[in-house]
1. Just checking, does the range B:178-185 include any residue being aromatic (Phe, Trp, Tyr), in a strand (DSSP E or B) and either within 16 Å of ligand 1 (Cβ to nearest atom) or within 12 Å of chain A (Cβ to nearest Cβ) (or both)?
2. Counting only residues that are within 14 Å of chain A (Cβ to nearest Cβ) and within 16 Å of ligand 2 (Cβ to nearest atom), how many does the range B:32-82 have?
3. Would you point out which residue out of B:251, B:224, B:217, B:231 is more than 26 Å from residue B:163 (Cβ to Cβ), in contact (Cβ under 8 Å) with a residue 40 or more places away in the chain and either within 16 Å of ligand 2 (Cβ to nearest atom) or buried (at least 21 other Cβ atoms within 10 Å of the Cβ) (or both)?
4. If you take just the strands (runs of 3 or more DSSP E) that sit entirely in the range A:2-110, which of them hold at least 3 residues that are under 25 Å from residue B:199 (Cβ atoms) and either away from every other protein chain (no Cβ under 14 Å) or touching a Pro at 6+ places or on another chain (Cβ under 9 Å) (or both)?
5. Only one of A:93, A:82 is among the polar types (S, T, N, Q), within 23 Å of the chain's Cα centre (by Cα), within 16 Å of ligand 2 (Cβ to nearest atom) and closer than 28 Å to residue B:166 by Cβ; which?
6. Can you list residue pairs whose Cβ atoms sit under 7 Å apart, with the first residue in the range B:315-334 being facing another protein chain (nearest Cβ under 8 Å) and the second being loosely packed, with under 15 Cβ neighbours inside 10 Å and part of a loop (DSSP other than H, G, I, E, B)? Count only pairs 6 or more apart in sequence or on different chains.
7. Quick check on this structure: which one of A:118, A:57, A:110 is modelled with pLDDT of 95 or more and within 16 Å of ligand 2 (Cβ to nearest atom)?
8. Pick out the one residue from A:321, A:263 that is assigned to a helix (DSSP H, G or I), in contact with a strand residue (DSSP E or B) (Cβ under 8 Å, 6 or more places away or on another chain) and crowded, with 23+ Cβ neighbours inside 10 Å.
Amino acid sequence: MTELTLVQAVNRGLRVALSSDPDVLILGEDVGVNGGVFRATEGLQKEFGPDRVIDTPLSETGIVGTAIGMALYGLKPVAEIQFMDFIYPAFDQIVSELAKMRYRSGGQYPCHVVVRTPYGGGIRGGLYHSQSTEAYFAHTAGLKVVIPSNPADAKGLLLTAIHDEDPVIFLEPKRIYRSVTGEVADGDYRVPFGKATVVIEGTDVSLFAYGAMVPPTVEAAQTLLSEGISAEVVDLRTLVPLDEKAILASVEKTGRAVVVHEAARFCGFGGELSAILAEKAFYSLKAPITRVTGYDTPFPYALENSYLPNPARIAHAARTAARTQ
Amino acid sequence: MAKAASSKTESHGLADAFPEERIVELYRTEVLARVMDERCLTLQRQGRIGFYVPLAGQEAAQVGSGYALDPSDWIFPAYRELGLALVRGVPVKSLIDQFVGNSADLTKGRQMPNHYAFREQRFVSASSPIGTQITQAVGAAMAAKKRKDPIVTITFFGDGATSSNDFHAGLNFAGVFAAPTIFFCQNNGWAISLPREKQTLSRTLAEKADAYGLPGVVVDGNDVRAVYRAVREARARALAGDGPTLIEAQVYRFGPHSTSDDPSRYRAEEAVRKAREHDPVVLLQSELIRTGILTKDSDAKIWEELKAEVARAIEAAEKTPAMEPLSFFDDVFAQPTPALEEQKASFEQLVREGVLRP
Ligand SMILES: Cc1ncc(C[n+]2csc(CCOP(=O)(O)OP(=O)(O)O)c2C)c(N)n1
Ligand SMILES: [Mg+2]
């Protein structure tokens, strides 16, 4: 075990994958000499060489398109998109090609690429260094969508992603890249997809969160506890595949659900989660399902703290739900 | 269609000579850009602004090109074009307001520093995604042509942007539709940590124009007159109906990519020191003193005056009230949707109940 920050855990995960499998390689902008703008790939080019940690020209479609070609040929490319906000030049390659390659070839051409990208607000990044658009990808059949919230999961889920058989969009909560540390298992540590974790157990209300929203949700639960409300915090970890069993079990126990994400509200992942709960846990519900989310505006620079869900907003929603009998 | 030429445009004889009588004005603008750059880097270090993208090394490229334009021409900038904004007459205070994100900021505190929009100066809103402005400049040029307006559009982008989708699409469309546009590439040697020679195997960026059937020109971006003439020439071609030109202004990025960047990780200080021997501001300064247009004293006075002007603007911007907290709900649509109204109301409610501090 080693105490690591989240970004260090990503780095260690990549390092383990590169050392254990010669087919693994990394490509992206500024990932080599510079070690990535967030230092996620720090030291890797020095250790594994420029053929395995590749600095590319400035073209996301180039990065993902060539990664797809490499994967078709049998390699295991890990593509880095510098910020999730800059993934759109590659959207066509991801949505039209990567997601559909296995299906459209009748299973002849599985296409396994991991696309890693930092997402989310809270770093004074304004419109284009803050977005959280996981819903676009979760909506696209054929993509797995993974969002760790702590160092151990970052490493464990990343190694699972790299050795998975399907394309994975791996979203890294850059706001907590360095603010959270935790014990991380050494070596080839893996966390399975499709398994949510109960971060805090509770009986009155279930709070569902993922990625950078887990720490403020935990903080909200702690506040609630001091008020005599027992909130359960569930970290989804992977949106696709989704651990429906854990979600339903929690709401069957508490009867109340609050869904938290920093992405905009309308057609955000919370809508899907709420629909699942309405369809499958309706008779357990004692209060309306509520969402605490970003607003339906682009992401503002100077007023980002107003935009982002915070412990106060989360606790308020949970309190309101818990008081409903 | 002009024959492709990678190093020269055909001369139309329309481009006028460099306006020597304005050289001190151009120099002053370069100095103002330099002074602001240095002050803003300090403000960022002191936490008084959140971020900053320096332009040091690119002053002559921006000032020379900016002065070659007509005020009616439209500019589609990237995020490094502070000098250009100054040429267009954007007040220093307006720029600082944007960096601070206060209530006078024309982008209403929504964008990171350097991502301006100045409609009055025909300086179109800049975004962060690389290259996206290139095709937009072409479209605006096509529109101006359709309306028979005697203007050109010009788009500014970096060496890295030549790898973007929009660079390809933009040059291709502009060629096919003979759009009256100018592609002004500031090749500053770097796209964050990626050196120019790893961005593309092409010997020059200008020669990429050949493939699209356009003229491409390489110009020394430290030479304000050369830049001016290249843009005048391209402008004249565009207005004559002969379509677009790609100009590669060769400059060097003296500073970090942005205040988030640490260039010591990927480049040697020695290269920067060498490049600084051709510092465009210093080159023009020495020339003006050598030729007696300025004296050491009159030059020092220019710097002092501009430093004082910038200091006053900073003070005023910092005294300007902060952005109104609920303003981030505005401008999503011309009229807010009912859902947005509801979200805004729920936000206000949370503030009233004391759950949120605005
Ligand atoms: C589509 C896209 N990908 C990646 C980035 C991250 N990024 C910001 S600036 C930059 C380098 C740009 O280099 P260049 O075009 O040469 O312009 P310069 O910054 O040198 O002026 C990169 C990779 C981005 N903003 N947009
Ligand atoms: Mg550049």
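1. Scanning the range B:178-185 turns up at least one residue that is aromatic (Phe, Trp, Tyr), in a strand (DSSP E or B) and either within 16 Å of ligand 1 (Cβ to nearest atom) or within 12 Å of chain A (Cβ to nearest Cβ) (or both).
2. 3
3. From the options B:251, B:224, B:217, B:231, the qualifying one is B:224.
4. Values: elements: A:2-5, A:24-28, A:53-55, A:76-80.
Once the strands (runs of 3 or more DSSP E) in the range A:2-110 are filtered for at least 3 residues that are under 25 Å from residue B:199 (Cβ atoms) and either away from every other protein chain (no Cβ under 14 Å) or touching a Pro at 6+ places or on another chain (Cβ under 9 Å) (or both), what remains is A:24-28, A:76-80.
5. After ruling out the rest, the residue left standing is A:82.
6. B:325/B:358
7. Working: A:118 fails: within 16 Å of ligand 2 (Cβ to nearest atom); A:110 fails: within 16 Å of ligand 2 (Cβ to nearest atom).
Exactly one of A:118, A:57, A:110 is modelled with pLDDT of 95 or more and within 16 Å of ligand 2 (Cβ to nearest atom), namely A:57.
8. Values: A:263 fails: assigned to a helix (DSSP H, G or I).
Result: A:321 is the single residue among A:321, A:263 that is assigned to a helix (DSSP H, G or I), in contact with a strand residue (DSSP E or B) (Cβ under 8 Å, 6 or more places away or on another chain) and crowded, with 23+ Cβ neighbours inside 10 Å.
The values are calculated or read from the model by the stated rules, or taken from the named source; none is laboratory data. No experiment lies behind these values; they were computed from the predicted model shown. Every residue, glycine among them, receives a Cβ derived from its backbone with ideal geometry; neighbour counts consider all protein chains shown.
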